[in-house]
Amino acid sequence: MPHRAHWPARTVSDSVPEGRRSQSGVGYEKGTNGQFKSGMLAMADGAPIKTAVGVAARRRKAMGRLAQRRKAMGLTQEQLAAQLGVERTTVARWERGENQPMPWLRPKLARALAVSADRLEELLVVGGSTASRQGQAAVPRQLPATVDFTGRIAELQALTEILDDASAGTPGTVVISAIGGTAGVGKTALAVHWAHQVARRFPDGQLHVNLRGYESSGTPATAADAIRSFLSALGVPPERIPASPEAQAGLYRNLLADRRMLIVADNARDEQQVRPLLPASPGSLVIVTSRSQLSGLAAADGARLLTLDVLSHAEAVQMLTARLGSDRAAAEPAAVDEIAGMCACLPLALAVAAARCAVRPRFALGALVTELADIGGRLDALDAGDPATSVRAVLSWSYRKLGAEPARMFRLLGLHPGPDISVAAAASLANCDQPQVRRLLRELDRAHLIAEHVPGRYAFHDLLRAFAAEQAHHFDSDADRREAIGRVLDHYLHTAAEAVGLLNPIEPIVLAPPRPGAAPEQPADYSQALGWFETEYQVLLAAVNLAAELGFDTHAWQLPYAMTPFMRRRGRWQEWAANQRTALAAATRLGDTAAQALSGRILGMACVGLGDDDQARRHYIDSVTLYQQLGDRLGEARIQTGLGGLAERQGRYADALGLAQRALRLFRAIGDKTAEAEALNDVAWYYDLLGEYRQAREFCRQALTLCAETGHRRAEAFVWDSLGYAEHHLGSLAEAVACYERALILHRDAADRLRQAETLTHLGDARLAAGERAEAREAWQQALAILEDLQHPDADQVRAKLAGADRSSSA
């Protein structure tokens, strides 16, 4: 119904002495406009890091805690310096906040001051947490788990030294880069490991995003994608994210103002992808990893570059020893030494080699050395420093040991759009039953070629995906690859069609039967259907893009249509609109006028959600023209309904009423009783909004009669709510309560939580008008619990009602 379907888009809406000063290892540099810029570290195969300083007064207050503790221990600066083996001036600089102790000194300092490591960090931390001051601010903790980490002692010390000593240096960024931009050198591992080490110095939280700059099976994430994910992590509901990328970036910068946050932007493609993610105000640190050198960040943004080389030979041996086990490595030290050399000390190659040995525990390590030596091209590739060649060679060791079935499964996974895959979808992809595909996936997991990152869902690194796709192109025919992609697209399309029928039945479209071997899932109820869309959402978006890219244009418009109720219910306006643009383009390529009209109409609905009234109207008008060409009066009538919702959103209730009446006449002429019932409710609701409650009551009664005839229980729920609204404003409060309670029963039967909250809110209003304050509060509290769980913006209105009721009762 228009008054339920068209939700408006919502928006959320120190000076320092001359020259450079620093705190927590971060510097300021005065710009030409008299403003002070934050210091920045960065890393290129690795990581830009942007850090900033608090004000001088906060620094003195924070660092005074260190001096107070020293005095409480009865130590002079000279005595403490002597215990630590440093100069007195070094201690003095610590206490003034101009520097911080190096990591290896901190345990000794903690012992000298008789404090724990955590307490020492509290003594050293600069300033207070913005999040704690704000109380309600989201404090994200998005750093990925650190993996077994070996070596890189010099690099870790260098990064910490740059952060600690930035007060005396030029603000900039540290960029981690491998030789020639090599992949698998450990950029992410180093960045994440070091980020965990310094995370305490950023009490307002940590953000993390994979920018997918070098994923071969998909397009890189845009800066806008990253900012939207950051806004979500910072607690902004989807409905409150602004429509335009510029406004989203502005909101992101505003939220980070005065916060001290650690931001990890992993796997960046280039400088342009990174720059919008850099906060505009001091206080935060940004780490960027990339396979490129990101020299533009150094030239234009004052970044500091750090090139990450391969491991030293000693570190490579140490890594192999840790993974193989000390006993096994000690039994064949020469073989371990040779494997490290043949792997060129590349961390990814070392990890794969160790996994190969681990799955053959009875084999001598020398067997792997012999295998490496027998493949001359592999050595050439490893020595070349080309990341794709290096990784391809190393991955082939594990791939070649697979049997025919798991090898085929691995290759087919390279064709899947990602980011991960379920067992059921993998079964359709491979034309296997689920028990068989589960066994194959577990075998690949044991071979470290994929990972079960959550129960029943599998993913792999972008380099593994690229390798798998290359193997598929080498070993599988074009026809076989296209058939596999078609099966998995059929899987998602037909499962989505089943799921949407349980969520919110929509205008049916004709689907071609799934290909042989595709086995779509069958959600049993509303909860399973909703859970499937939640879990597969990112995969579905990627599947739509893959379908459009590879010419599966029917899937490229039908799958977005099936996703519509879920995206609309969740307020995913930007992604919904982008999905529908893809759908409209695909329908246009097909020359399918009916699909163009439908996709354009849905795109108009998404534009209404975005608040883009002009685009919404344009798409509605284009679609109604197509419907008229087709002689499709039902489609034309639905456009009138959509235009009515647009008019309602703009507050043009009289126009909305006229459009609803026009739609009603068309539905009656067509003889579509179900649509007629919906239109009758639309007319009733617009009379409600115009204050013509008796007219609204009459149309509600007509709608209820049709709902009973057609068994349209979903529309009936909306009609009872509209009738309750009319009865309330006509003073028939008992009747209003009875109407709302009937609507609530139907909404609960449909498991439509958002509509439950809407009706509960109206019920509370009627209860309050009847003087039943306790019952009104109970209804509003139930509504608020649902809206908060859904992160819906109407929660604020219900909170205001509860607060008003509290004030009235205390007066």
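The values are calculated or read from the model by the stated rules, or taken from the named source; none is laboratory data. Remember, predicted model here, so these are calculated numbers, not experimental data. A quick note on method: Cβ atoms are made from the backbone with ideal geometry, for glycine too, and the neighbour counts reach across all protein chains shown. These area figures cover heavy atoms from the full protein model, side chains too; ligands, DNA and RNA do not enter into them. Shrake-Rupley method; radii C 1.70, N 1.55, O 1.52, S 1.80 Å.
Tabulated results
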| quantity | calculated |
| --- | --- |
| Residue within the range 412-425 that is aliphatic (A, V, I, L, M) and over 25 Å from residue 562 (Cα atoms) present | yes |
| Some residue of the range 482-491 being part of a helix (DSSP H, G or I) and in contact with a strand residue (DSSP E or B) (Cβ under 8 Å, 6 or more places away or on another chain) | no |
| Tally, over the range 425-443, of residues that are open to solvent by less than 10 Å² (accessible area, probe 1.4 Å) and either out of contact with any Phe, Trp or Tyr (no Cβ under 8 Å at 6 or more places or on another chain) or closer than 11 Å to residue 518 by Cα (or both) | 8 |
| Long-range neighbours under 9 Å by Cβ, at least six apart or interchain, first residue at positive phi within the range 66-90, second open to solvent by less than 70 Å² (accessible area, probe 1.4 Å) | 85/105 |
| The range 213-265 - residue that is among the basic types (Lys, Arg) and more than 21 Å from residue 192 (Cβ to Cβ) and, of those, surrounded by the most Cβ atoms within 10 Å (Cβ to Cβ) | 228 |
| Subset of the range 679-711 (residues that are within 25 Å of residue 649 (Cβ to Cβ) and open to solvent by 30 Å² or more (accessible area, probe 1.4 Å)) | 689, 690, 691, 692, 693, 695, 697, 699 |
| Subset of the range 230-269 that is outside any helix (DSSP H, G or I) and among the polar types (S, T, N, Q) - its residue that is modelled with the lowest pLDDT | 267 |
| Qualifying residue in the range 640-654 (condition: out of contact with any strand residue (DSSP E or B) (no Cβ under 6 Å at 6 or more places or on another chain), acidic (Asp, Glu), surrounded by fewer than 24 Cβ atoms within 10 Å (Cβ to Cβ) and part of a helix (DSSP H, G or I)) | no |
| In the range 266-285, the residues that are farther than 29 Å from residue 185 by Cα and either open to solvent by less than 30 Å² (accessible area, probe 1.4 Å) or in contact with a His (Cβ under 6 Å, 6 or more places away or on another chain) (or both) | 281, 283 |
| Failed item in (1) in a helix (DSSP H, G or I); (2) surrounded by fewer than 22 Cβ atoms within 10 Å (Cβ to Cβ); (3) under 28 Å from the mean Cα position of the chain (by Cα); (4) at pLDDT 85 or above, with residue 410 passing the rest | (2) |
| Some residue of the range 738-759 being crowded, with 22+ Cβ neighbours inside 10 Å and farther than 23 Å from residue 679 by Cα | no |
| Selection within the range 339-361 - outside any loop (DSSP other than H, G, I, E, B) and β-branched (Val, Ile, Thr) | 339, 352 |
| Which listed residue, of 763, 790, is within 34 Å of the chain's Cα centre (by Cα) and either at pLDDT below 95 or not small (Gly, Ala, Ser) (or both) | 790 |
| Members of the range 592-613 found to be within 27 Å of residue 239 (Cα to Cα), open to solvent by less than 20 Å² (accessible area, probe 1.4 Å) and of a type in the set (A, V, I, L, M, F, W, C), listed by number | 597, 598, 602, 603, 606, 607, 608 |
| Residues located in the range 607-633, provided they are of a type in the set (Lys, Arg) and more than 18 Å from residue 648 (Cβ to Cβ) | 618, 633 |
| Criterion: within 30 Å of residue 251 (Cα to Cα), surrounded by 23 or more Cβ atoms within 10 Å (Cβ to Cβ) and either of a type in the set (Gly, Ala, Ser) or modelled with pLDDT under 85 (or both) - qualifying residue of 294, 308, 350 | 294 |
| Where a residue in the range 614-639 is under 13 Å from residue 598 (Cβ atoms) and open to solvent by 50 Å² or more (accessible area, probe 1.4 Å) and its partner, wherever it lies, is modelled with pLDDT under 95 and not in a helix (DSSP H, G or I), with Cβ under 8 Å and at least six apart | 638/507 |
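A quick yes/no check of all residues on (1) more than 14 Å from residue 411 (Cβ to Cβ); (2) within 28 Å of the chain's Cα centre (by Cα); (3) at pLDDT below 85; (4) aliphatic (A, V, I, L, M):
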position: 445; (1), (2), (3), (4): yes, yes, yes, no
position: 448; (1), (2), (3), (4): yes, yes, yes, no
position: 457; (1), (2), (3), (4): yes, yes, no, no
position: 460; (1), (2), (3), (4): no, yes, yes, no
position: 468; (1), (2), (3), (4): no, yes, no, yes
position: 472; (1), (2), (3), (4): no, no, no, yes
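A quick yes/no check of all residues on (1) within 24 Å of the chain's Cα centre (by Cα); (2) among the aliphatic types (A, V, I, L, M):
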| site | (1), (2) |
| --- | --- |
| 484 | no, yes |
| 511 | no, yes |
| 514 | no, no |
| 521 | no, no |
| 527 | yes, no |
| 534 | yes, no |
